[in-house]
1. Of all DSSP beta bridges located in the chain, what percent are antiparallel, nearest 5?
2. For segment 177-251, which GluC sites (Glu not before Pro) are in a loop by DSSP, counting at most 10 other Cβ atoms within 10 Å?
3. What 222 nm value per residue comes from the helices of the chain, counting each DSSP H run with n ≥ 4 as -39,500 (n - 2.57) and dividing by all residues, nearest 500 deg cm²/dmol?
4. Output the relative contact order of segment 2-253, whole-number percent, from Cα pairs under 8 angstrom with separation of 6+ residues.
5. Work out, step by step, the length gained on full extension between ARG110 and SER130: first 0.36 nm times the residue separation, then minus their alpha carbon distance; give nm to one decimal.
6. Can you work out ³J(HN,Hα) from phi for every residue in segment 204-217, in order, using Karplus 6.51 cos²θ - 1.76 cosθ + 1.60 and θ = phi - 60°, giving whole Hz and x for Gly and Pro?
7. Might you report the magnitude of the Cβ-based charge dipole of the chain about its Cα centre, with Lys and Arg at +1 and Asp and Glu at -1, to the nearest 20 debye?
8. So how compact is segment 160-212: Cα radius of gyration and Dmax in angstrom?
Amino acid sequence: WTLGSELRHVVSRKQLILHYQPRFNIRTNRMVGIEALVRWSHPENGLLAPGRFIDLAEKTGAIVDIDRWVLEEACRQVRAWQLEGYPNVSVSVNLSSLHFKDIRCVEMIREALTATGLSPACLEIELTESGFIEEADAAVEIMHQLKELGVSIAVDDFGTGYSAFHYLKKFPLDTLKIDRSFIQNVTCSQTDEVILQAMIDMAKKLQLKVVVEGVETEAQLAYLREQECDEVQGYLLSRPIPVQELETFLSERS
Ligand code: G
Ligand code: G
Ligand code: MN
Ligand code: NA
């Protein structure tokens, strides 16, 4: 398929851009972090969301170059904002689970930090559950090395994968990002409320930071304020936005 072969050249042709979605501390309302979300600025088809090409990039192997670019660009951008005097935010980068089978990904991450001068404390790597359970031994080793480096590790889309909890003991995790499907009906479904509450309780008892994703209504936000949730992300607060908009946001809202 033609998109597949074009994908091999997206990095060298400079067709990728990053949007950033803010993440907020639920108590202080401050923007504390941003998630980097890649887009493909395609010459004929316009701006393509990752849902349109990440799976394909994983199949063709193009994801390796894409993720390396995303990582370095996100680190570079956040470091540039620091040097320009914007308020400090940390950045979360989604990495394909393919990397977590290969110890070289630690080098890739170290290089991005060294090349850009960003402090490891400002970087969080997001992984999906299914991604690291598959080759657990390799993933554990990689995560330990990342922790040594000072980088944080988040489980993305929590609750949608294998839904086995044993790995929470095994992996050195910092953050659970609870999948947006769990917040959707929380204000009208008792069942959903029970499940979300249980996930938040468990995370807190395991001393993990809890981020709820996909917050779209004031009622959902009010509900989360009564829970022990730490941070929120979602369209109610901000969609993923381009660099310039984020700069405005940073200067006005932090
Ligand atoms: O199309 P949509 O924006 O809904 O897709 C978002 C999905 O794409 C999320 O699952 C997100 O984790 C993933 N994603 C976004 N940016 C990147 C990236 O730079 N690398 C990888 N591997 N996945 C990404
Ligand atoms: O899998 P991951 O969590 O990395 O995916 C992030 C995706 O979720 C992005 O595509 C982003 O646009 C989307 N997203 C972020 N906030 C919301 C929200 O409030 N509602 C919905 N439906 N999608 C959201
Ligand atoms: Mn994510
Ligand atoms: Na998610």
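FYI, it's all coordinate maths here, none of it is from the lab. As the structure is a computational prediction, the values presented were derived from the model and not from experiment. Quick reminder, even Gly has a Cβ in these numbers, built from the backbone with ideal geometry, and neighbours come from all protein chains shown.
1. Numbers: 15 of 38 bridges.
Beta bridges within the chain, antiparallel portion: roughly 40 percent.
2. On the way: sites: GLU193, GLU213, GLU216, GLU218, GLU226, GLU228, GLU231, GLU245, GLU247; in loops: GLU216, GLU226, GLU228.
Answer by residue number: GLU226.
3. Details: 10 runs with 105 residues, N = 254.
The per-residue figure over the chain is -12500 deg cm²/dmol.
4. On the way: 411 pairs, mean separation 48.1, N = 252.
Relative contact order, segment 2-253: 19 percent.
5. Details: separation 20, 0.36 × 20 = 7.20 nm, distance 2.42 nm.
Here the answer is 4.8 nm.
6. Running phi through 6.51 cos²θ - 1.76 cosθ + 1.60 with θ = phi - 60° gives 5, 5, 8, 6, 9, 6, 10, 10, 9, 9, x, 6, 10, 10 Hz.
7. On the way: 26 positive and 38 negative charges, 77 e Å.
So the magnitude is around 360 debye.
8. Expressed in Å, the Cα Rg and Dmax of segment 160-212 come to 11.4, 35.
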